[in-house]
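The structure appears below as structure tokens.
A short reminder: the numbers here are calculations on the coordinates, not readings from a lab. All values reported here derive from a predicted model rather than from experimental measurement. Here the Cβ is made from the backbone with ideal geometry for all residues, glycine too, and neighbour counts use every protein chain on show.
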Amino acid sequence: MAVRNVVVWPSNSGNGTAQAYVTFTLVSPVTDTLTGVSVGSGATVTPTDPTAQLIVKPQAPLVISNPDTPTTNPGLAITGLSTPPVPGTTIPVTLDFQNAGSVTVQAPVRESSV
């Protein structure tokens, strides 16, 4: 499983429901399912579209996008962070897969471009 371009983006949605979003691209030589994501300690990560299929297939990367920007890709909202994410810092992001196990990366926090 290749995990690329993991970034945490502070939320600009203004609705107060998400503190941030996590974006990334997954590439795998075999079909696998993203079963969970955790950010920092104690934060909750939920799909912005509960019907989205978080399955990565060979030759078909799964792209998780920031829903604050126009896209048709699924998004993952972060709530429950003890402090807001600060651009220029990093935060641990753990991705859990049905077959590949867990992958943890230190993701940069970037300024939202919206």
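Considering only residues that are farther than 17 Å from residue 62 by Cα and of a type in the set (D, E, K, R), which ones fall in the stretch 94-114?
Selection gives 110, 111.
So residue 66 clears everything in (1) touching a Pro at 6+ places or on another chain (Cβ under 7 Å); (2) among the polar types (S, T, N, Q); (3) buried (at least 20 other Cβ atoms within 10 Å of the Cβ) except one condition, right? Which one?
Just one mismatch for residue 66, condition (1).
Could you list, in sequence order, all residues of the stretch 72-106 that are surrounded by fewer than 18 Cβ atoms within 10 Å (Cβ to Cβ), of a type in the set (A, V, I, L, M, F, W, C) and closer than 11 Å to residue 3 by Cα?
The answer is 103, 105.
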